[in-house]
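Colleague: Questions regarding the structure given below will be posed in turn.
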Amino acid sequence: MDTQVTLTLPPDLYLRASNIAALTGWTVEDAVLIMLEVSLPALIPLVDLNKPVEALNDNDLIALTNLEMSLSYNSRHSELLYRQQAGTISRAEGRELQTLQRVYEIGMIYKSQALAEAVKRNLVNRSHQQ
C-alpha cells in the first residue's frame, strides 16, 4: 500500500521536476517519485534500504562496515565545503551540500549499525570499531 507524503519543494527543485514532467508527459508528483527512486540507491549503493541491518547476510554486512563516500561525492562535498567557508556558495549549492551531508550521515548510521551487528555475530572484533 502506498503512503501519501506532502512535501514543500524549493522553487528550483520544483522547476526541475516540472520540466521533467513536461518533457516526459508525467505528472510532477510522478517525476518527483521517480527522481527519488533513482537517486536513493545511487547515493548509498551498498545499502538495501528495504531491509534492516540485522537482516543482511554476513557478506553484505561486512561490505557495509567498510562503507565510504564515493570519490566523486567526496570531491564534490569538499568543493562545496570550501565554497561555503569562502562565502561564495550559492543557494542551490548550499542545498546540495546539505543533501551530501545528509547522505553521509545516513551512510555513517548504517555503517555503525553494521559494525555493531558484525561484532554481535563475531564477524569482526571490537578493535575494528576503533
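Colleague: Within the stretch 1-26, which residues are surrounded by 15 or more Cβ atoms within 10 Å (Cβ to Cβ) and assigned to a loop (DSSP other than H, G, I, E, B)?
Modeller: Trp26
Colleague: I want to confirm something. Restricting to the stretch 106-125 and keeping residues that are at pLDDT below 90 and not in a helix (DSSP H, G or I), which single residue is surrounded by the fewest Cβ atoms within 10 Å (Cβ to Cβ)?
Modeller: Top of the filtered list is Asn125.
Colleague: Scan the stretch 62-105 for residues that are over 23 Å from Pro10 (Cα atoms), part of a helix (DSSP H, G or I) and within 18 Å of the chain's Cα centre (by Cα) and jot them down.
Modeller: The answer is Ala63, Leu64, Thr65, Leu71, Ser72, Asn74, Ser75, Ser78.
Colleague: Further, regarding this structure: Given the criterion among the hydroxyl-bearing types (Ser, Thr, Tyr) and either in contact with a His (Cβ under 8 Å, 6 or more places away or on another chain) or at pLDDT 85 or above (or both), identify the matching residue among Tyr73, Tyr82.
Modeller: Tyr82
The values are calculated or read from the model by the stated rules, or taken from the named source; none is laboratory data. Note that the structure is predicted; figures quoted are calculated from it, not measured. With ideal geometry, Cβ positions are generated from the backbone for all residues, glycine too; neighbour counts draw on all protein chains shown.
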